[in-house]
Amino acid sequence: MKHLALTALALLLPAAALAQHEKFTADPAKSTIAFILGTNHGDDHGTFHVQSAAIDFDPKAATIAGAVVVSSLSGDTGNGSRDKKMAKDVLDAPHFAEITFFPKSYTGTLSLTGDSTLQLSGVFTLAGKPHDITVTALIHIEGGAATVKTHFVVPYVAWGLKDPSFMMFKVAKEIPIDLTLTGALAN
């Protein structure tokens, strides 16, 4: 009788409530990375291209793994010569074609429907140099669709990348990033 009651309960619960392992896969065409490069002549806005993003997680065990991969050659500010200089001299794209984030842990409660706010900790690798970071992620899950948004600042000069300032042209030493990953959730 006990077995029958447990079986009936399992059939009544939604599949997402029983799922322990979930996978989020972003659609690069619907995902964006925007940045602002502050200069003494005003702000320059730009984007990068998400190559791929796949995150595996278990909300019951609070474990997470996966990768967000960005092309370091894809930086686009609308100024071709500046973009080439950024890729070659600052990001060293000929040697390090990818910028990556590997999540290692999170804190907060992840809801499989609606909105959640998590603190994601992991390793952000820029120009071949890994850096531990923690970012606040705003997550919205509805049906099989999910969106992850985060805002963080990259102190690229402090992280050892070249300062592109020259003569009278000065550039900020930190760059704010807005990342939006839009994709599908499956178990």
Quiz item: Given a Förster distance of 45 angstrom, what is the FRET efficiency for His21 paired with Asp76, based on the Cβ-Cβ distance and rounded to 0.05?
Solution: 0.80
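Sorted from fewest to most neighbouring beta carbons within 10 Å, what does the list Ser81, Ser52 look like?
In increasing order of surrounding Cβ atoms, one gets Ser81, Ser52.
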Quiz item: With the calculation restricted to Cα positions, what are the radius of gyration and Dmax of the chain in angstrom?
Solution: 19.9, 82
Quiz prompt | Nearest-ten-degree value, helix 2-12 long axis tilted from longest Cα axis of the chain | solution = 40 degrees
Quiz prompt | Relative contact order, percent, the chain [alpha-carbon distance under 8 Å, six or more residues apart] | solution = 23 percent
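Where a number appears in this text, it was derived from the coordinates with a stated rule and is not lab data. Not measured: the values here are computed from a predicted model. Because the Cβ atoms are built from the backbone with ideal geometry, glycine has one as well, and the counts that use them run over all protein chains shown.
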